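Participant: I'd like to ask some things about the structure below.
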Amino acid sequence: MSSYIKAWDVYRVRIPLVKPYHLSKVYGTITHSDVILLKIETSKGAIGWGEADPGGMKFTGDTPESVMESIRAGSLDSLKGVELEGWILSGKNQDREGSLSAACDVAIHDALARQKGIPVWELLGQKVRDEIDLLWPTSSGTAEEDLAVIEEYAAKGFNTYMLKMGDRPIADEITRVRDVLAGVPDGVRIMLDANQGWTQDEANQLFAASNDLPLILIEQPLAADDLEGLRKLRENYQLPVSVDESLQTPDSAKSVLENDAADIFSVKISKNGGLQPSLKIGKMVADKGKKVLMNSMIELGITQCASLHLGCVFKNLVNCGHAYMSTLRISDDVTNFSSWIERGTARLQDAPGLGINVDSAKIRKYLEDEYHDN
Ligand SMILES: [Mg+2]
């Protein structure tokens with residue numbers, strides 16, 4: 001017998017990061033994880049959790065405030081009465097976008113999987129792995145600062161690092177990359193993320209100077225809509241180009257593919273509108289022989305856990321660490337996802353739904369705003 005959504009509740013929570021996170025000049029410094037949690041209850045009494053992780057107007061086109069405003073204006077009114085399985089199978093949700101769509105999509109998967117007594121990944125495809133290594137990001141800063149972080153985390157089992165760039169003069173960044181690569185312990189690998197911070201000329205300088213280096217990828221060197229510029233970088237240099245801000249929806253994945261603008265596609269459950277659109281993007285990318293980086297916003301354990309379920313069914317992940325470290329960078333979480341991580345590896349647990357516990361006392365502790373359907 002089918003089941004439908006009977007009630008929903010929304011909680012905005014704001015939790016400080018362990019350390020402030022300096023990004024490119026486009027985004028500045030982030031100090032908190034500021035997210036909107038969605039709890040749904042089904043007609044069969046199952047609970048499902050989703051999480052919206054707005055990345056700001058310049059990243060995902062939404063903010064925590066704008067998401068709460070849209071909910072108060074009725075954006076979730078149609079959720080009540082939605083039939084779970086039909087909603088997933090219809091494929092209509094594959095083309096939704098925005099972090100609130102992602103929250104709905106993940107909550108529906110969680111509730112349906114719990115009702116069926118299966119893990120969420122079974123709703124997505126065939127599991128090809130049980131665990132995925134983590135990457136660790138460094139703030140936009142100097143090589144000395146990067147190497148201090150890398151030394152600390154290499155001792156904890158982390159082998160992949162993402163250097164945040166796009167803030168400092170390009171000549172300094174070029175030197176920084178060389179100095180970091182010269183100083184890292186054996187087995188450590190590096191990727192760069194410029195977060196749209198460079199002009200074409202700056203990107204050309206960095207790519208030319210780094211073309212012989214064993215970098216895993218360089219993410220979003222140019223503005224999100226500059227697919228032509230990204231294609232030129234791929235034509236002129238050997239370094240793999242990754243898209244993050246350019247990749248918002250399955251339609252944008254199609255544009256990036258048609259423009260030959262990337263080698264690697266940075267999938268984020270919340271940015272990409274949930275599990276179904278992310279799954280669709282992963283398949284489109286795989287069909288063209290391209291790879292996926294499982295990436296994240298500054299998100300809590302619900303989105304991280306959903307991302308791990310999806311990452312475990314993708315066959316075309318880049319061979320490196322992926323972004324399952326978000327909860328380790330936040331001073332607290334409303335879930336127990338961090339306990340799934342050991343020595344720099346996240347391991348899928350075999351429990352129905354997402355399989356994590358959500359702690360309502362923690363939600364109360366960090367509550368910034370709330371809204372209920374009745
Ligand atoms: Mg990025």
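The values are calculated or read from the model by the stated rules, or taken from the named source; none is laboratory data. Note that the coordinates shown come from a computational prediction; the quantities given were computed from them, not determined experimentally. Methodologically, a virtual Cβ is constructed for each residue, glycine included, from the backbone with ideal geometry; neighbour enumeration extends over all protein chains shown.
Participant: Where the second residue is surrounded by 12 or more Cβ atoms within 10 Å (Cβ to Cβ) and part of a helix (DSSP H, G or I) and the first is free of Cβ contacts under 8 Å to residues at least 40 places away in the same chain and lies in the range 69-87, which pairs have Cβ atoms under 7 Å and are six or more apart or on separate chains?
Facilitator: Qualifying pairs under 7 Å: SER70/LEU100; SER75/LEU100; TRP87/ASN93; TRP87/ILE108.
Participant: Shifting gears a bit: Can you work out which of the residues in the range 138-156 that are touching a residue at least 40 places away in the same chain (Cβ under 8 Å) and crowded, with 19+ Cβ neighbours inside 10 Å is farthest from SER266 (Cα to Cα)? Spell out how you get there, then give the answer.
Facilitator: Going through the range 138-156, the residues touching a residue at least 40 places away in the same chain (Cβ under 8 Å) turn out to be 139-141, 143, 153, 156.
Restricting the remaining residues to those that are crowded, with 19+ Cβ neighbours inside 10 Å gives 140, 143, 153.
On the way: SER140: 19, ALA143: 25, TYR153: 23 Å.
That would be ALA143.
Participant: Please go through the range 40-52 and give me each residue that is assigned to a loop (DSSP other than H, G, I, E, B) and either more than 17 Å from ILE108 (Cβ to Cβ) or among the polar types (S, T, N, Q) (or both), ordered by number. Walk me through how you get there before you give the answer.
Facilitator: The initial filter retains those residues of the range 40-52 that are assigned to a loop (DSSP other than H, G, I, E, B), namely 43-46.
Answer for the range 40-52, where residues must be assigned to a loop (DSSP other than H, G, I, E, B) and either more than 17 Å from ILE108 (Cβ to Cβ) or among the polar types (S, T, N, Q) (or both): just SER43.
Participant: In the range 242-260, what residues are within 15 Å of the ligand (Cβ to nearest atom) and in contact with a strand residue (DSSP E or B) (Cβ under 7 Å, 6 or more places away or on another chain)?
Facilitator: SER242, VAL243, ASP244, LEU247, VAL256
Participant: Please go through (1) hydroxyl-bearing (Ser, Thr, Tyr); (2) buried (at least 24 other Cβ atoms within 10 Å of the Cβ); (3) more than 16 Å from SER270 (Cα to Cα) for SER99 and return the number of the only condition it doesn't satisfy.
Facilitator: (3)
Participant: Here's another thing I want to ask about it. Residues in the range 303-314: is at least one closer than 27 Å to VAL18 by Cα, within 16 Å of the ligand (Cβ to nearest atom) and at pLDDT below 95?
Facilitator: Looking through the range 303-314, none of the residues is closer than 27 Å to VAL18 by Cα, within 16 Å of the ligand (Cβ to nearest atom) and at pLDDT below 95.
Participant: Next up: Regarding VAL26, is this residue part of a strand (DSSP E or B), over 16 Å from the mean Cα position of the chain (by Cα) and under 30 Å from ARG168 (Cα atoms)?
Facilitator: no
Participant: Considering the range 320-362 alone, what residues qualify as being over 15 Å from HIS32 (Cα atoms) and part of a helix (DSSP H, G or I)?
Facilitator: PHE337, SER338, SER339, TRP340, SER360, ALA361, LYS362 - these are the residues of the range 320-362 that are over 15 Å from HIS32 (Cα atoms) and part of a helix (DSSP H, G or I).
Participant: Let me ask something else about it. Here's a check for you: in the range 57-72, which residue that is surrounded by 15 or more Cβ atoms within 10 Å (Cβ to Cβ) and aliphatic (A, V, I, L, M) is farthest from the chain's Cα centre (by Cα)?
Facilitator: Among residues in the range 57-72 that are surrounded by 15 or more Cβ atoms within 10 Å (Cβ to Cβ) and aliphatic (A, V, I, L, M), the one farthest from the chain's Cα centre (by Cα) is ILE71.
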